[in-house]
Amino acid sequence: MQRQSPIVIPQRILLPDQTAAGIRQAIEQGTWSDYLPSERRLCELFQVSRPTIRGALRALAKAGYVDIGHGRRTRLLARHRRQEDGQGRVVGLVVQEELAYISSNVHQMVSRIQLLLAEHGIPVEMLVCLASGARAQRRKLEAFLHQHRVFCCVLLSASDNVKRWFVEHSFPALVLGSCDASIPLPSIDIDFRSISHHAAGVFLRHGHRRLAMIMRNTNKGGDNVSAEGFEEAVARWNATAREPASAVVVQHNGTTRNLIARLDALFNSPTPPTALLVVRPMYVFVVLVYLLQRGLAVPGQVALIARDQDAVFEILSPAVAHYQIPQETFVHRVTRLALKLVNDGNLKAKQHLVVPEFIEGGTCRVRP
């Protein structure tokens, strides 16, 4: 009688178990450094539903691969992470403007932040992600993060499209600048609303009643709240003052030609302004040359305040009135937040504001 071989009954492998095996393999291969992507991103990667992902994560947590915490990212446990000698946690610095358009003060600030992070053993890689199509921008961002194995990012002058990518992928990031209320990311910024409100108040106290704010049409949070603060100050003045004032916000597209065309329209109007608040240092110089060519004395006929800071302002004659950021204070606050982001893997979506100091200069005086 021929002996029959035992029949092996195939085991039924549930989809959550298969998904858990796939995630476990990726963890062991070092695909992620310290935290798993969001549940939504894992669903996209493994082409499964959210309940399946949650079942897989529970299995991995039970096996000691991950730590699932309520309200925070899923952390990889150290004994299962692939550690690479000499490779620290890389911080990505994402800039969306050409470096030529960034002021010298911002360059100095970025260099100081890089230096302070380096002192803590944290390297910084920079990506200049110029505004383009949303898909191309996101592909460039994803390639950068993967190539340099970036752990978290500091976003400087980033668009809402870029910021939303970080929210959608639960990727830790800190915004240097304003952040729209609909984008829950931690941010640190200058209090531009207070600056513009104060500048309008200075003009009004100096006897000016026709005010204008010159700004590039960026649609960025800091510029938007600047315009709001400027107009709020004049509205508050008009609520009680016997002599009403007017405020106009003039937007240009960033080119010298367009800015001059806007200035022509402004000063050819029946009620030209006698006081200007100008956003960004490079445009301050364009406006000053324009006023000089038009034969308008500063501050005799037109008072001027720069919203932002530039080292050249204080060596001009007359010195340009402007707002000076306490740079060391700002740099150290940014560095502390970045270090906390690296160490904890997450920051509360809170806005941190820094109030600058007004440097009076000689371009804003009492109107004759």
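Observations on the model:
- For the condition part of a helix (DSSP H, G or I) and either within 19 Å of GLU97 (Cβ to Cβ) or hydrophobic (A, V, I, L, M, F, W, C) (or both), ALA181 does not qualify.
- Hey, SER196 in a helix (DSSP H, G or I), closer than 30 Å to ALA338 by Cα and of a type in the set (Ser, Thr, Tyr) or not: yes
- When the strands (runs of 3 or more DSSP E) confined to the range 263-324 are screened for residues that are hydrophobic (A, V, I, L, M, F, W, C), touching a helix residue (DSSP H, G or I) at 6+ places or on another chain (Cβ under 7 Å) and crowded, with 17+ Cβ neighbours inside 10 Å, those reaching at least 3 such residues are found at 275-278, 303-306.
- Hits in the range 90-105 (condition: modelled with pLDDT under 75 and hydrophobic (A, V, I, L, M, F, W, C)): LEU99, ALA100, ILE102
- Test: residue in the range 352-365 that is among the charged types (D, E, K, R), loosely packed, with under 13 Cβ neighbours inside 10 Å, at pLDDT below 90 and within 31 Å of the chain's Cα centre (by Cα): no
- For the range 241-257, the criterion of being of a type outside the set (D, E, K, R), part of a helix (DSSP H, G or I) and not assigned by TED's automatic domain parsing to the domain that holds LYS163 is met by at least one residue.
- Boolean, THR255 is of a type in the set (Val, Ile, Thr) and surrounded by fewer than 15 Cβ atoms within 10 Å (Cβ to Cβ): yes
- Residue in the range 163-175 that is modelled with pLDDT under 90 and more than 25 Å from ARG89 (Cβ to Cβ) present: no
- Looking only at residues of the range 16-31 that are closer than 19 Å to GLU142 by Cα and either at pLDDT 75 or above or more than 34 Å from the chain's Cα centre (by Cα) (or both), we find that the one that is surrounded by the most Cβ atoms within 10 Å (Cβ to Cβ) is ILE27.
- Residue among GLY207, GLY222 that is in a loop (DSSP other than H, G, I, E, B) and under 30 Å from SER246 (Cα atoms): GLY207
- You will find that of VAL162, VAL167, VAL202, the residue that is part of a helix (DSSP H, G or I), over 28 Å from TRP32 (Cα atoms) and among the β-branched types (Val, Ile, Thr) is VAL202 and no other.
- Any hit, the range 67-89, residues being over 30 Å from HIS332 (Cβ atoms), modelled with pLDDT under 85 and part of a helix (DSSP H, G or I): yes
The values are calculated or read from the model by the stated rules, or taken from the named source; none is laboratory data. These numbers come from a predicted model, not from an experiment. Heads up, the Cβs are rebuilt from the backbone with ideal geometry, glycines too, and the neighbour counts pull from every protein chain shown.
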